[in-house]
Amino acid sequence: MNRKTREGFYTLWTLALLVCLVICLGVLIYVSVVGGSPAAETQPTPSSEGQQTDSEAPPADGSGTADGADATPVPTDEPPASTVLAETEDMGQEYLDKIVFLGDSTTYGLYAYGVLPHTQVWTPASGTMSLFNWSVETIDYYPPEDPEHSSQLSIADAVKTRRPEYLVITLGINGVAILDESSFKSYYRDLIAAVQQNSPDTKIICQSIYPVIDAKTSGDIKNDRINAANQWINDVAAEMSVRYLNTHDALMDSTGNLIAEYDSGDGIHLLPAGLQIILQSVRTHGYR
C-alpha cells in the first residue's frame, strides 16, 4: 500500500470513529433528558401526606382501638343461669328426705349433731375426706332398708347401690390450700363423671364450700382461696351440666368471714344452727 492510499485509509477510519462518538453522545443526552426527568417520578403531594388507606383505617365500630375495648363482650364470673339453683318456694321435708349429702368433715356434722340420719350422710368413718382422695376413700354406707348396719363402699359403688334421687356434693376445703385450679377442677370433674356413670338419673348438686373465720384457721385455708375454689366449682358444674348451690353467702358476715354464732370453735366447722341454715337453703333453692 503506497503512502497516499494509507493516509486516505487513516482519514476515513478517523471520521468513522468521530461519527460513532457523536451518535453515542447524542443517545446519552436523549436518555438523560427524557428517561430521567423528575416529571416521571411519583412524588407525594401535600394533600396526601399522613392519610391512611382504607385497609389501614381503624374499624368503624372501634374494635382494635383502646377506645373500642368496651365493644368486646367481657366474660363475667357468674355461671349460666341454668346451672345455679335460684330461690324457690320451700320444697319441704319430703324433698329433703330424698337427698344424700356426700362430703368432708363439714358434712359429717349433719350426722354427728343428729341433724340428719346416717343414711343421708356419706362420709368416711374418719368423718373427713379430701377432694383429691375421693376415688380411693370408702364411705360409711348405711342402707335405708337396714340403717343399723353399715358397710364400707367406694363412692362409685355407693352411688351404684343406692342410686339416690338427689346428691349434694360438698368437697374442696381440704384441697384449696394445695391444689391449683387445673387440678381442683380435674378431681371434681372426675367425681361428677363417676356419679353420672354409675347412676345416670341422679340429680347432682355441687354445693359451695362454706366460709371460714380467717383469724382462727391455720395454713392456707382462707376465704380468698375458698372464694376462688367456689368459682371453680361453678365452672365445673356448668361444664358437666349439673347444678350449683350457693350456701356460702348465707353463712357469711359483712367482713366475708363465717358468722361467729355458727362457728363450732375452730373457724371452719358449723354448729347445728349453721347446719340448719344449710338445710333451709337446700329446701328454698329446689332442683329445677
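The values are calculated or read from the model by the stated rules, or taken from the named source; none is laboratory data. Computed from a prediction, not measured in an experiment: that's the story for all the values here. Cβ coordinates were reconstructed from backbone atoms using ideal geometry, including for glycine residues, and neighbour counts include every protein chain displayed.
Here are some notes:
- Taking the conditions (1) within 22 Å of ASP253 (Cβ to Cβ); (2) in contact (Cβ under 8 Å) with a residue 40 or more places away in the chain; (3) among the polar types (S, T, N, Q) in turn, ASN227 satisfies each one other than (2).
- Near pairs, Cβ below 7 angstrom, 6+ apart or cross-chain, from segment 237-249 (in contact (Cβ under 8 Å) with a residue 60 or more places away in the chain) to any residue that is among the β-branched types (Val, Ile, Thr) and part of a helix (DSSP H, G or I): VAL242/ILE192; TYR244/ILE233; LEU245/VAL282
- Just one residue in the set GLY286, GLY274 is part of a helix (DSSP H, G or I) and either among the aliphatic types (A, V, I, L, M) or over 26 Å from LEU179 (Cα atoms) (or both); that residue is GLY274.
Listed here are the residues, each with its yes/no results for (1) in contact with a Ser or Thr (Cβ under 6 Å, 6 or more places away or on another chain); (2) within 28 Å of GLU94 (Cβ to Cβ).
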| position | (1), (2) |
| --- | --- |
| PRO147 | yes, yes |
| VAL168 | no, yes |
| ASN198 | no, yes |
| CYS206 | no, yes |
| ASP253 | no, no |
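- Each residue in segment 244-266 was checked for being more than 29 Å from the chain's Cα centre (by Cα), of a type in the set (Gly, Ala, Ser) and assigned to a loop (DSSP other than H, G, I, E, B), and 2 of them qualify.
- The one condition from (1) of a type in the set (Gly, Ala, Ser); (2) within 23 Å of VAL100 (Cβ to Cβ); (3) surrounded by fewer than 19 Cβ atoms within 10 Å (Cβ to Cβ) that ALA215 does not meet is (2).
- Residues in segment 157-188 that are over 30 Å from ASP220 (Cβ atoms) and small (Gly, Ala, Ser): ALA158 alone.
- Of all residues assigned to segment 179-190, none qualifies as being within 15 Å of THR123 (Cα to Cα) and either surrounded by 15 or more Cβ atoms within 10 Å (Cβ to Cβ) or without any contact (Cβ under 8 Å) to a residue 12 or more places away in the chain (or both).
- Odd one out for GLN93, checked against (1) under 31 Å from the mean Cα position of the chain (by Cα); (2) exposed (fewer than 11 other Cβ atoms within 10 Å of the Cβ); (3) at pLDDT 90 or above; (4) polar (S, T, N, Q): (1)
- Scanning segment 240-263 for residues that are among the polar types (S, T, N, Q), exposed (fewer than 14 other Cβ atoms within 10 Å of the Cβ) and closer than 19 Å to LEU110 by Cβ yields a count of 0.
- Condition check for ILE213: at pLDDT 95 or above and in a strand (DSSP E or B): no
- Residue in segment 112-123 that is under 31 Å from the mean Cα position of the chain (by Cα), surrounded by fewer than 19 Cβ atoms within 10 Å (Cβ to Cβ) and within 27 Å of ILE178 (Cα to Cα) present: no
- Condition check for ASN198: more than 19 Å from SER264 (Cα to Cα), surrounded by fewer than 19 Cβ atoms within 10 Å (Cβ to Cβ) and modelled with pLDDT of 95 or more: yes
- SER105 vs. criteria in contact with a Gly (Cβ under 9 Å, 6 or more places away or on another chain) and either under 21 Å from TYR187 (Cα atoms) or surrounded by fewer than 16 Cβ atoms within 10 Å (Cβ to Cβ) (or both): yes
- Qualifying residue in segment 130-145 (condition: acidic (Asp, Glu), closer than 20 Å to VAL195 by Cβ, in a helix (DSSP H, G or I) and at pLDDT 95 or above): no
- Scan of segment 177-210 for residues that are of a type in the set (Val, Ile, Thr) and outside any loop (DSSP other than H, G, I, E, B), ordered by number: ILE192, VAL195, ILE204, ILE205
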